[in-house]
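Let me begin by presenting the structure, written as structure tokens, before commenting on it.
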Amino acid sequence: MPYRNTLKRLLLTFFTASALLSCLSSCELYKPKPVDLSGDWDLLHTEADGVIYPDEQAHGVHLNMSDSIFSIYRVRNDEMYHGRYLVQDDFYPRHLDIWVDGVEDHGLKRNGIYRLKGDTLEACFAAPGAYRPSYFETRKGDKQVLTVWIKKER
């Protein structure tokens with residue numbers, strides 16, 4: 001009999017917790033506020049597959065994000081990459097997915113995550129077809145790219 005009572009209590013606790021979590025997740029008070037990533041950003045740091053690139057290589061690389069469209073270019077305004085992006089704030093870490101045009105894997109989705117701290121944007125992306133990153137770092141062979149950007153003052 002003690003086994004049945006324990007099982008009943010566990011089931012009751014499980015269903016109560018499930019109902020509470022369901023209620024909280026649909027409640028407007030607990031939904032994250034949407035983040036606006038639009039604007040101009042300067043590249044500060046890049047690493048890929050566990051290799052940290054010299055900060056000098058980041059100098060002069062800029063990002064413009066507006067209306068779900070992004071462009072990455074150098075100081076000379078030579079466009080390097082462009083494409084579309086989608087921000088999904090309902091996840092933790094928040095999701096940022098991109099589709100890059102004009103590259104070898106043209107139009108394939110790159111799953112990513114991002115965090116915004118003040119005027120600093122960190123974004124980590126997986127290679128097309130790879131799993132979404134779950135942390136803001138790269139490791140050898142993980143096929144991930146981490147970039148850190150700072151928002152330009154207007």
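Where a number appears in this text, it was derived from the coordinates with a stated rule and is not lab data. Since the structure is predicted, the reported quantities are computational estimates derived from the model, not experimental observations.
Observations on the structure shown:
- For segment 101-112, backbone phi angles converted through the Karplus equation (6.51, -1.76, 1.60; θ = phi - 60°) give residue-by-residue couplings of 8, x, 10, 3, 9, 2, x, 7, 6, 10, 6, x Hz, Gly and Pro being listed as x.
- In the structure shown, the pairs Lys109/Lys140; Lys109/Lys143; Lys33/Lys152; Lys117/Lys143 are assessed against 20 Å; a Cα-Cα span above that value is assigned to Lys109/Lys140; Lys33/Lys152; Lys117/Lys143.
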